[in-house]
Amino acid sequence: MQVLLQWFLGWLLPYVKQPYLKEFFAGLAPLVTSIAVEPVAMRRNTVGQIEVFLRQRKPHESFAGFWHCPGSLLRVGEQPAGVLARLKQADLGSIRHYQYVGGEPICCAEPRGWFMLLIYLVELEHASPEGTWWPVNDLPDDLAPHHKLIVIPKAVGAFTLEALPRPYS
């Protein structure tokens, strides 16, 4: 049955207008594994603390009102670089550099369904005015759960080991 469903969705999805309607996604997400590109913009502030760029989700988005690292799902036929290109204007800002955090992709369940997370460290040239820099040791209480438990800790580990160690003004 699952093979038949995957075949049908593989045939159908190229004809469905993207981004998907919320209702369509809500019905589809529990049936398949969605691939989420999770770019995490980090920097060191002028006193050397690591900060992460977060945006508050809009009322029509899932986890409305929660803070999160702006990310998106891969669309049919899209590569992760395409997701980053879509996000850089409104959600992130201008991206100077990005790199995959590496290792095995992480899978997690959440109320919307099952997700495979591809985590990227991102260096921003200019941050979007839609977001705010938060010290990683003082993140907001209303942070999206999988970002708090999985995405940000994995990115911090990679950041402290090798990426972007210089201070920003």
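Kirkwood Rh over Cα pairs of segment 23-141 into Stokes-Einstein at 4 °C, 1.567 mPa s: D in µm²/s?
Answer from the Stokes-Einstein relation: 86 µm²/s.
Under 17 Å between alpha carbons, and skipping anything fewer than 8 positions from Lys154 in its own chain: which aspartates and glutamates qualify?
Straight-line reach from Lys154, under 17 Å: Glu38, Glu51, Glu104, Glu123, Asp138, Glu162.
If we count other beta carbons within 10 Å of each Cβ, what is the order of Thr33, Thr132, fewest first?
Thr33, Thr132
To the nearest 20 debye, what is the magnitude of the charge dipole of segment 20-161 about its Cα centre, counting +1 on the Cβ of each Lys and Arg and -1 on the Cβ of each Asp and Glu?
Numbers: 13 positive and 14 negative charges, 36 e Å.
The calculation lands at about 180 debye.
Every number in this text was worked out from the coordinates using simple rules, so none of it is lab data. Source: prediction; values computed, not measured. Methodologically, a virtual Cβ is constructed for each residue, glycine included, from the backbone with ideal geometry; neighbour enumeration extends over all protein chains shown.
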